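See structure below.
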Amino acid sequence: MRKVTVVGAGKYGSMTAARVAALDIVDEVVMTDIVEGLPQGLALDMNESRPIEKYRTLVVGTNDYKDTADSDVVVITAGLPRKPGMSRMDLLEVNAKIVKQVTEQIMEYSPDTILVVVTNPLDHMTTLAQEVSGLPHSKVMGQAGMLDSARFAHFVSEKAHVDVLDVEALTLGSHGPTMVPVPSQCRVAGKPLSDVLSPEEIEEIVERTRGGGAEIVALLKTGSAYFAPSSAAAHMVNAILQDTKEVLPVSAWVSGEYGITDVYLGVPAKLGRGGVEQIVELDLTDSELEALREAAVAVKAKIDDLHSLTL
Ligand code: APR
């Protein structure tokens, strides 16, 4: 039986569970949470949409980790979202406690699974999940780059008045202030981004992309983004389970590529049944490469903070 577990039945988790179920590529999506009744009620609601949407995957809501046993992929969304004015890093301690506890329980029942982490601060929670799980680095990754790239693409389409599906955009680095939007890799209907937007317009979009999550948090006043984030998480699950070998920007363990060592960082990675099967080294400009290396340094500094916590 093919099975995906989503831990956390909040906004991000429930939308991810619904999106993965609708792909109809697994037998079961298990959704678990500490709140009793929440995953069960949402699962029932999702299952009742199956006759309309025409898919078979069953969503199982539970508070018991036994039901997660033998999952092929586990998406960890449990944790607090930001409030207006907070940075993702403000969530470090509270979410580290949750992610540690969740990872331990998942590993008890699915020792060979692949973990996709989305809880913030993203690169740090991905690091923690790998350390706690003891899984090979290739089997633990984080979702951020697909979302940030999608935000970048959306902003380009609006600014340049072009079809969003004609825009290819890429962001690398951290899911935070040292995010590295990569204009040199962006294309609009095959043309370089610099052919359709001025340097000032590109810079404006780069800044808006870096603050893309905070912009939504400020508007919502409570909670953070989950429509586009869950699209990205579900797409990663699909790439892994369907062994598509797609190259997607994800938080992956970098060990030498781009001259960067031993850190989880947003890089282009080939995803397949083995998890992260290869880190792809793109031809970046000197300033983009420099920014990526700075992002690695910034993530590593906060990993030291993470390791100093008593969890
Ligand atoms: N085990 C399981 N679930 C937990 C645990 C735990 N130990 N602790 C908290 N949860 C659940 C909560 O009960 C809640 O249902 O995690 C869920 C979080 O849902 P939301 O508050 O709606 O937050 P969401 O928007 O889903 O964001 C989750 O993703 O994007 C990141 O920054 C965001 O870290 C946050 C995470």
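If the requirement is being of a type in the set (S, T, N, Q) and within 14 Å of the ligand (Cβ to nearest atom), which of these qualifies: THR113, THR171, THR103, THR127? Matching residue, one of THR113, THR171, THR103, THR127: THR103.
Taking the numbered list (1) touching a His at 6+ places or on another chain (Cβ under 9 Å); (2) buried (at least 21 other Cβ atoms within 10 Å of the Cβ); (3) more than 20 Å from ARG88 (Cα to Cα) in turn, TYR264 passes all entries but (3). Restricted to the range 27-45, and to residues there that are buried (at least 22 other Cβ atoms within 10 Å of the Cβ) and among the aliphatic types (A, V, I, L, M), the residue that is farthest from the ligand (Cβ to nearest atom) is VAL29.
In this structure, is VAL60 more than 10 Å from the ligand (Cβ to nearest atom), within 21 Å of MET141 (Cα to Cα) and not charged (D, E, K, R)?
So VAL60 fails the test.
When LEU44 is tested against the conditions (1) assigned to a helix (DSSP H, G or I); (2) under 23 Å from MET236 (Cβ atoms); (3) not charged (D, E, K, R), the lone failure is (2). All of (1) at pLDDT 95 or above; (2) within 26 Å of MET89 (Cα to Cα) hold for PRO177 with one exception: (1).
Residues in the range 163-175 that are surrounded by fewer than 22 Cβ atoms within 10 Å (Cβ to Cβ) and either outside the structural domain of LYS300 (by TED's automatic domain parsing) or assigned to a loop (DSSP other than H, G, I, E, B) (or both): ASP163 only.
Listed by first and then second residue, the pairs with beta-carbon distance under 7 Å, at least 6 apart or on different chains, first residue in the range 120-141 and over 10 Å from SER251 (Cα atoms) and at pLDDT 95 or above, second within 16 Å of the ligand (Cβ to nearest atom) and among the polar types (S, T, N, Q), are ASN120/ASN95; MET125/ASN95; MET125/THR119; ALA129/THR103; VAL132/THR103; SER133/THR103. Against the numbered list (1) touching a Lys or Arg at 6+ places or on another chain (Cβ under 8 Å); (2) within 22 Å of GLN185 (Cα to Cα), GLY275 comes up short only at (2).
Mind checking whether some residue in the range 135-144 is crowded, with 22+ Cβ neighbours inside 10 Å and not in a strand (DSSP E or B)? Break it down stepwise before answering.
Of the range 135-144, the ones crowded, with 22+ Cβ neighbours inside 10 Å are 140-144.
Now restrict to residues that are not in a strand (DSSP E or B): 143-144.
For the range 135-144, residues crowded, with 22+ Cβ neighbours inside 10 Å and not in a strand (DSSP E or B): present.
Does THR77 meet the test of being closer than 18 Å to ALA232 by Cα, touching a Lys or Arg at 6+ places or on another chain (Cβ under 9 Å) and of a type in the set (S, T, N, Q)? Spelling it out, THR77 is indeed closer than 18 Å to ALA232 by Cα, touching a Lys or Arg at 6+ places or on another chain (Cβ under 9 Å) and of a type in the set (S, T, N, Q). Do you know which residues across the range 120-134 are surrounded by fewer than 24 Cβ atoms within 10 Å (Cβ to Cβ) and within 14 Å of VAL74 (Cβ to Cβ)? Once the filter is applied, which keeps residues that are surrounded by fewer than 24 Cβ atoms within 10 Å (Cβ to Cβ) and within 14 Å of VAL74 (Cβ to Cβ), the range 120-134 yields GLN130, VAL132, SER133. Would you mind finding the one in ALA153, ALA144, ALA129, ALA96 that is under 19 Å from SER14 (Cα atoms) and under 18 Å from the mean Cα position of the chain (by Cα)? So the residue among ALA153, ALA144, ALA129, ALA96 that is under 19 Å from SER14 (Cα atoms) and under 18 Å from the mean Cα position of the chain (by Cα) is ALA144.
Residues in the range 67-85: is at least one of a type in the set (Lys, Arg), surrounded by fewer than 21 Cβ atoms within 10 Å (Cβ to Cβ), without any contact (Cβ under 8 Å) to a residue 12 or more places away in the chain and not in a helix (DSSP H, G or I)? No, the range 67-85 has no match at all.
Can you pull out the residues in the range 193-206 that are out of contact with any strand residue (DSSP E or B) (no Cβ under 9 Å at 6 or more places or on another chain) and either of a type in the set (Asp, Glu) or in contact (Cβ under 8 Å) with a residue 40 or more places away in the chain (or both)? Within the range 193-206, GLU200, GLU201, GLU203, GLU204 qualify.
Among the residues making up the range 99-119, none is within 17 Å of the chain's Cα centre (by Cα) and surrounded by fewer than 16 Cβ atoms within 10 Å (Cβ to Cβ).
The values are calculated or read from the model by the stated rules, or taken from the named source; none is laboratory data. The model shown is predicted, which means the values in this text are computed figures rather than measured ones. Every residue, glycine among them, receives a Cβ derived from its backbone with ideal geometry; neighbour counts consider all protein chains shown.
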